[in-house]
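Notes for the one structure printed next.
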Amino acid sequence: MNTPEIEELKRLVEEHYGKHLTTTTDFEEFSVILRLRHDIFVSPSTLKRLYGYVSDSHKPRMLTLDSLSAYIGPVSYTHLRAH
């Protein structure tokens with residue numbers, strides 16, 4: 001269940017990363033890069049749910065959205081939603 005804002009965040013994350021997240025390996029590698037290079041902890045399974053790689057009917061946690069927003073810039077997801 002993704003809102004237009006979440007879809008935009010996902011697009012911006014992939015744009016910043018320079019690669020589409022479409023395979024298990026993509027999600028695992030991106031999770032490691034987030035952790036090692038940016039000190040951001042988002043598990044591969046969370047990324048898979050967010051990107052619809054695996055089915056999930058729950059909304060993502062705000063912490064996850066804010067963490068991914070921090071990856072693309074100094075703006076929180078809450079700020080991104082307001083614009």
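For this structure, a couple of remarks:
- Accessible area in the full protein assembly, largest first, 1.4 Å probe, for ILE72, ILE6: ILE72, ILE6
- Here the 3J(HN,Hα) profile of region 59-69, calculated from phi with Karplus coefficients 6.51, -1.76 and 1.60 at θ = phi - 60°, is 6, x, 6, 4, 4, 5, 5, 5, 5, 5, 5 Hz, Gly and Pro shown as x.
- Net charge dipole size for the chain [Lys, Arg +1 and Asp, Glu -1 on Cβ; Debye, nearest 20]: 140 debye
- Difference of contour (0.36 nm per residue) and Cα-Cα distance, SER57 to ILE72: 2.9 nm
- Cross-link partners of LYS59 among lysines, defined as those whose alpha carbon lies under 20 angstrom from its own and excluding same-chain residues fewer than eight positions apart: LYS10, LYS48.
- Each label point was placed 7 Å from the Cα along the Cα-to-Cβ direction; for SER43 and GLU5 their separation is 2.5 nm.
- Distant-in-sequence amide H partners of ASP56 (H built 1.01 Å from N, under 5 Å): none
- Cα-Cα pairs of the chain separated by more than 20 Å (percent): 23 percent
- Converting phi to 3J(HN,Hα) with the Karplus coefficients 6.51, -1.76 and 1.60 and the offset θ = phi - 60°, region 47-56 yields 4, 4, 5, 4, 8, x, 5, 10, 6, 6 Hz in sequence order, with x at every glycine or proline.
The values are calculated or read from the model by the stated rules, or taken from the named source; none is laboratory data. Source: prediction; values computed, not measured. Here the Cβ is made from the backbone with ideal geometry for all residues, glycine too, and neighbour counts use every protein chain on show. Keep in mind that these areas ignore ligands, DNA and RNA; they rest on the heavy atoms of the full protein, side chains included. Shrake-Rupley method; radii C 1.70, N 1.55, O 1.52, S 1.80 Å.
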